[in-house]
Protein chains: 4
Amino acid sequence: MKYKELRQKVYETNMLLPKLNLVVFTWGNVSEVDREAGVFAIKPSGVEYDNLKPEDIVVVSLETGETVAGKMKPSSDTATHLVLYQKFSNIGGVVHTHSPWAVSWAQATRELPAYGTTHADTFYGNVPCTRKLTDQEINEAYEKNTGLVIAETFEKNQIDPDAVPGVLVAGHGPFTWGPESLKAVENSKVLEECCKMAFRTEVINPEISRIEQGLLDKHYLRKHGKDAYYGQ
Amino acid sequence: MKYKELRQKVYETNMLLPKLNLVVFTWGNVSEVDREAGVFAIKPSGVEYDNLKPEDIVVVSLETGETVAGKMKPSSDTATHLVLYQKFSNIGGVVHTHSPWAVSWAQATRELPAYGTTHADTFYGNVPCTRKLTDQEINEAYEKNTGLVIAETFEKNQIDPDAVPGVLVAGHGPFTWGPESLKAVENSKVLEECCKMAFRTEVINPEISRIEQGLLDKHYLRKHGKDAYYGQ
Amino acid sequence: MKYKELRQKVYETNMLLPKLNLVVFTWGNVSEVDREAGVFAIKPSGVEYDNLKPEDIVVVSLETGETVAGKMKPSSDTATHLVLYQKFSNIGGVVHTHSPWAVSWAQATRELPAYGTTHADTFYGNVPCTRKLTDQEINEAYEKNTGLVIAETFEKNQIDPDAVPGVLVAGHGPFTWGPESLKAVENSKVLEECCKMAFRTEVINPEISRIEQGLLDKHYLRKHGKDAYYGQ
Amino acid sequence: MKYKELRQKVYETNMLLPKLNLVVFTWGNVSEVDREAGVFAIKPSGVEYDNLKPEDIVVVSLETGETVAGKMKPSSDTATHLVLYQKFSNIGGVVHTHSPWAVSWAQATRELPAYGTTHADTFYGNVPCTRKLTDQEINEAYEKNTGLVIAETFEKNQIDPDAVPGVLVAGHGPFTWGPESLKAVENSKVLEECCKMAFRTEVINPEISRIEQGLLDKHYLRKHGKDAYYGQ
């Protein structure tokens, strides 16, 4: 099997989605890139997780998105993953799900406010929500333009995608990423938990505002960067 | 065992309801039709899923609803299934549950707005809610009239039941359908998830309106019809 | 073991509470009466479900509440069960839990409106909420007076406890009952589900009113009484 | 292994957190003190529960917080546990989690009102929420100052930490404690359940006020103190 290690890894990180209760049916996909080899591996389109096997994982070109290994059709969201790898040069893994709390915020077309330290431990600021795509963008190259509108959201708002590794696509759902696919999956779970807690926070106290910059800095920086001291 | 294959299949799709967390106790039933044979098979009335066996599945006439095979009484909702098979000529399976999110919308007597792509992937527009039955309709032939008011809802609002494979019956709960019972069960799960996410979407942003027609078209049509490109 | 059959049965119905997700820790108890023998059997006080054994079940007098068999102290709520058996002459089993949705309504000191057929299948009308106990009632005989205020609620509002087999005790939580303890446990689960769905129904449509009497009659009476036709 | 018994116990109470659905990933930690030995044992920092072993538990000085046994770095929250053991002289175990309902109240920066008997059985009054830390407190000694602001909250409001064994830290999450770590974990679960039920209670009845003092007294005192009569 070509790209055996990469496909095995992407198989395993895909299988975390049902384990972490982030998907029902086939509503999600994980990919991981090998930038040196110029490819990324991704879940095949519409395959149930119960039936998924490592050899079903499809490997596509990082330049063209065309299949270079695997017999199945890659995820219908492959073009979105491709754009994200091209635009966000440090990322190594991408995840898309329809996890219900994150979808609820995406459908509400609202960015997720940073209300607490659980959020700050992973996302260094609010998680943005994209603008809606135009009909032309939808009709011409929907999946590619989904990637482009994500990149546009980070550029326009001067958000660093390495510090805020996720987004809510308006009317659709979340994408997350990370240095590798395992971290991207973890970020997907964190986003789901933060969306759940933010919903409840706003109901408990409709006047609440996001946490102070000092606390945001403290929690993000105790886990990330040169002065991090969390973990072993 | 007469109609062995059909009953085995209907047994299996019934058993998906507890597996997908769509029922507690006996609160649901699945049927599948064999139009050539002029019959459909359905869960027996009031039998716990833990005790259900393939031979318990009852086969009834597609014309009269009378039992043609099986020793048990068919579901009390059999007459509703019968009307749906008669009125919606393309469908092959029908599901009724009391899944909690869909029941909540049905009790609230509101149609389910199409707020996102998760909805659009399965339902090509809002999922309608029926009018309430009159006392006369309830007293004369409750289950049959439940089927008739579903059909009336689709006719009056010119909704294609093949494109919107589900309904909320006011004050009661959801019915879904599909080309076969397996797809009908999946549609029941999708409806439950969409009801959950729509509830949350409205709390997060009370001013939200349904997704644009362009995005609805895109997602429905990438999964359905001659230009579909999702899946293998 | 004295009253072996009764204690075995009450052990089994107690063990359904964690299985049906109605309790955490020791927050619930089930009893069943043997009116001929003049006793009822009930869970011991403060024993974890994981450790519960049939011989731990305590048998107490239906007249005095005093222990007649078993080495452990009976549930601290025994006096409440006793009053219910004395006041509601047809019931055979009683259940108390702190199931979260029912507790939420009890804490909100609101009766549970009958919003749909799921409710009507079991409860023939709104599930009432008691008045609060006075300080004197709390201090003199708290558990006994809890039973008395339940009975008072049904008498004052002329509700038939056989037709509405449950209540919300203000600031506390639910009690349910039935012809035997198994049915009482099922009613406890139905009440929890209906409390959950009613909460959501009111958020989805704050203007909603309870279902029409005709539909309430239909669903209750197709499952109960001489003209019932649900089940085998 | 030094402090073998203490580390084994703290290992086991840490493992209850995922079992009780109080944590995802590494979002929690349990400690227990041995006041005679002048040490407490605590979870190592950033270790997944699936991989945790008894020998990974770290033992630190009750005076300085420095490691006295174990090869791993102790939890990043160790300094908070240390202050709590120093300030609250009767407690034997401390738990911190990011359990979602408690975090939602903490993020909303509201104390948890005592709405019912489930609350009163464990917490003898409202569970307070701390003030926010100043930037200086965050930057100088964040974890230590988190402990100090908890102690300040109890002192200023004259709350007995033995009678209200938990707190919500503003913008962060819950800490609970108890005479030993097992009880502290149970209190963490009770707090989570009460936060969930209080949220729902307020939505069901926005006009609700906390339970009467008489009922609060009754439930707390039937489980605690010299006149307790709950349990065996």
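The values are calculated or read from the model by the stated rules, or taken from the named source; none is laboratory data. For clarity, every value in this text was computed on a predicted model and none was experimentally measured. Backbone-built Cβ (ideal geometry, glycine too); neighbour counts: all protein chains shown. Please note that ligands, DNA and RNA were not included when accessible areas were found on the heavy atoms of the full protein model with its side chains. Shrake-Rupley method; radii C 1.70, N 1.55, O 1.52, S 1.80 Å.
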Accessible area per residue, 1.4 Å probe, Å², for segment C:4-223: what's the number?
-> 36
Using only Cα atoms, find the angle between the long axis of helix B:4-19 and the longest principal axis of chain B, and express it within 0 to 90 degrees, rounded to the nearest 10.
-> 50
Test item: Cα-centred dipole of segment B:161-210, Lys/Arg +1 and Asp/Glu -1 on Cβ, debye = 80
Please work out whether segment B:4-223 counts as rounded, prolate or oblate from its C-alpha gyration tensor, where a ≥ b ≥ c are the square roots of the eigenvalues and a/c under 1.5 means rounded, while otherwise a/b larger than b/c means prolate and anything else oblate?
-> prolate
Assign unit charges at the C-beta atoms only (+1 for Lys and Arg, -1 for Asp and Glu), then state the dipole size of the protein assembly as shown relative to its Cα centre in Debye, rounded to the nearest 20.
-> 840
Low-density loop positions, chymotrypsin sites (Phe, Trp or Tyr not before Pro), segment A:160-231 - DSSP coil, at most 15 other Cβ in 10 Å = A:Y229
Output row for B:N157: copy-to-copy label distances, label 7 Å along Cα→C-beta, ascending, in nanometres, one decimal, is 3.4, 3.4, 4.8
Convert each backbone phi in segment C:55-70 into a coupling constant with the Karplus relation 6.51 cos²θ - 1.76 cosθ + 1.60 (shift: θ = phi - 60°), then list the ³J(HN,Hα) values in order as whole Hz, x for Gly and Pro.
-> 6, 6, 5, 9, 10, 10, 6, 6, 8, 10, x, 7, 5, 10, 7, x
Comparing C:L148, C:L182, C:L112 in a Gaussian network model of chain C (Cα, 10 Å), the one with the largest mean-square fluctuation is C:L148
Environment charge at A:V185 (Cβ cut-off 14 Å; Lys +1, Arg +1, Asp -1, Glu -1) | -2
Projected onto the charge dipole of chain C (unit charges on the beta-carbon of Lys, Arg, Asp and Glu, signs +1, +1, -1, -1), the Cα from C:G70, C:Q8, C:V60 with the largest positive-side position is that of C:Q8
Value in Å of the Kirkwood radius, where segment A:1-52 supplies the Cα pairs that are averaged | 11.5
Go through C:G171, C:N126, C:G147 and say which Cα lies farthest out towards the positive end of the charge dipole of segment C:100-214; charges sit on Cβ, +1 for Lys and Arg, -1 for Asp and Glu.
-> C:G171
Counting helices only, and only those DSSP H runs with n ≥ 4, report the 222 nm mean residue ellipticity of chain B as the sum of -39,500 (n - 2.57) divided by its residues, in deg cm²/dmol to the nearest 500.
-> -13000 deg cm²/dmol
Distance cut-off 16 Å, percentage of C-alpha pairs in segment A:85-130 lying past it = 55
With one decimal in nm and the nearest listed first, the spacings from B:D50 to its own position in the other copies, using label points 7 Å along Cα-to-Cβ, are 2.2, 2.2, 3.0
Ignoring ligands, DNA and RNA, how much accessible area is buried between chains B and A, both sides summed, with a 1.4 Å probe, to the nearest 100 Å²?
-> 2900
Computed magnitude of the charge dipole of chain C (debye, nearest 20; Cβ of K, R +1, Cβ of D, E -1) = 300
Provide the net charge surrounding A:Q158, with neighbours chosen by a C-beta distance below 15 Å and charges set as Lys +1, Arg +1, Asp -1, Glu -1.
-> -3
Can you give the % of DSSP beta bridges in the protein assembly as shown that are antiparallel, to the nearest 5?
-> 95
Over segment C:1-134, consider all pairs of different Cα atoms and compute the Kirkwood hydrodynamic radius from their mean reciprocal separation; express it in Å, one decimal.
-> 15.8
Just which residue of chain A brings its Cβ nearest the axis of rotation onto chain B, and by how many angstrom, rounded whole?
-> A:V203, 5
Leaving out ligands, DNA and RNA, what percent of the accessible area of the protein assembly as shown is carbon and sulfur, probe 1.4 Å?
-> 47
Across peptide C:219-225, how many C-beta atoms of other chains are within 10 Å of each residue C-beta, on average?
-> 1
Would you mind telling me which residue in C:P44, C:P165, C:P18 has the biggest mean-square fluctuation in a Gaussian network model of chain C, where springs connect alpha carbons within a distance under 10 angstrom?
-> C:P18
Just tell me how shielded D:198-208 is by partners: mean number of partner chain Cβ atoms within 10 Å of each residue's Cβ, no decimals.
-> 6
Other-chain or far-sequence residues with amide H under 5 Å of D:D34's (modelled H) | D:V39, D:F40, D:A41
Exercise: per-residue mean of other protein chain Cβ atoms within 10 Å, C:17-30 = 2
Alpha carbons only, please: Rg and Dmax for the protein assembly as shown, in angstrom.
-> 28.9, 84
Surpassing 27 Å at the alpha-carbon level, of the pairs C:K19/D:K183; A:K183/D:K2; A:K189/B:K189; B:K223/C:K189, are A:K183/D:K2; B:K223/C:K189
Ordered by number, the residues of segment C:154-183 with at least 20 Å² less accessible area in the assembly than alone (1.4 Å probe) are C:G171, C:H172
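Which net charge results for the neighbourhood of A:T134, defined as the other residues with beta-carbon distances under 11 angstrom from its beta-carbon, given Lys and Arg at +1 and Asp and Glu at -1?
On the way: positive: A:R131, A:K132; negative: A:D135, A:E137, A:E140, B:E212.
Every neighbour counted, the sum reads -2.
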In segment D:1-84, which trypsin sites (Lys or Arg not before Pro) fall in coil by DSSP and have 13 or fewer other Cβ atoms within 10 Å?
-> D:K2, D:R35, D:K71
GNM top mover of D:V94, D:V190, D:V33 - chain D, alpha-carbon springs below 10 Å = D:V190
So what is the relative contact order for segment D:4-223, in percent, with contacts set as C-alpha pairs under 8 Å and at least six apart?
-> 22
